[in-house]
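K.L.:
Before I ask anything, here is the structure I am working with.
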Amino acid sequence: MKTMLKVSKHTKAALAFALGCLAWPLWADEVTDAVNDALRYYQKGWLSAAIENLELAAGMIRQKKAAILSQMLPKPLPGWTTDKNLTQITASAYSAGGIVVRRMFKKGDKLIMVSYITDSPLVQTALMMFRDPNLATASGGRFIKVNNRRALFKYATEDHTGEVAFLVRDRILVSIRGYKVKKEDLIAYAKIIDLDRLARIP
């Protein structure tokens, strides 16, 4: 019976996340239930069950955070297109990527991918480059200002690929990558990212 209960919780959490229609108070109840179950199992000495329920609670919190981030992805600029199939959300403790939400935008042969990354080793790598301009230069980048915010800019004229990256409160890496694009395309998408709103995410 305990196994069936755990499967039910996994299923409800995954379904609610996919549909994006579950309110936070219900998420909070699911998280609280999992934490309380973990405490009860721990007190009984059932350590594996306690770990499983704590991981379930942490996973649901990650999913909630990813859902919030995904709502902050930009809309397509005039002349560009996107759809729900071009939006990807990953929230896993077992992935080196941590929490990643991204959306692809298309305009003819041009592609731009906007990604928000947090709770990931990639953020620490970016932090080192933002703190040491020499590392940024060695990787082919340079710092520019976009909307009065410091951004790492890379662009290869030979294949028209590039990236604009921001680091928000040293916790969220914002990446705008482009393929077969002009520099102006990258900057245009960088300018519409709501960095102030991202900075308010707890």
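The values are calculated or read from the model by the stated rules, or taken from the named source; none is laboratory data. Worth saying up front: this structure is predicted, and the values here are computed from it rather than measured. Positions of Cβ are generated from backbone atoms using ideal geometry, with glycine treated the same way; all protein chains shown enter the neighbour counts.
K.L.:
I need a count of the residues in segment 85-108 that are at pLDDT 85 or above, within 17 Å of G178 (Cα to Cα) and not small (G, A, S).
P.N.:
7
K.L.:
I need the full set of residues from segment 182-202 which are farther than 28 Å from D109 by Cβ and of a type outside the set (D, E, K, R), in order please.
P.N.:
Passing the criteria: L195, L198, A199, I201, P202.
K.L.:
Is it true that A49 is part of a helix (DSSP H, G or I), within 23 Å of R200 (Cβ to Cβ) and either polar (S, T, N, Q) or in contact (Cβ under 8 Å) with a residue 24 or more places away in the chain (or both)?
P.N.:
No.
K.L.:
Right, another one. Whether any residue in segment 140-158 is part of a helix (DSSP H, G or I) and in contact with a Ser or Thr (Cβ under 8 Å, 6 or more places away or on another chain) is what I want to check.
P.N.:
no
To keep it simple, each residue is scored yes or no on (1) farther than 19 Å from I192 by Cα; (2) among the polar types (S, T, N, Q).
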site	(1), (2)
I51	yes, no
A66	yes, no
S70	no, yes
L77	no, no
W80	no, no
L111	no, no
F130	yes, no
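K.L.:
Further question: Just for segment 161-198: of the residues that are under 14 Å from the mean Cα position of the chain (by Cα) and β-branched (V, I, T), which one is surrounded by the fewest Cβ atoms within 10 Å (Cβ to Cβ)?
P.N.:
Looking at residues that are under 14 Å from the mean Cα position of the chain (by Cα) and β-branched (V, I, T), I get V168.
K.L.:
Here is a follow-up. Would you check if A58 is part of a helix (DSSP H, G or I), crowded, with 19+ Cβ neighbours inside 10 Å and modelled with pLDDT under 95?
P.N.:
No, not satisfied.
K.L.:
Sticking with this one: Taking segment 27-56, which residues are of a type in the set (D, E, K, R) and over 29 Å from I68 (Cα atoms)?
P.N.:
Those that are of a type in the set (D, E, K, R) and over 29 Å from I68 (Cα atoms): R40, K44.
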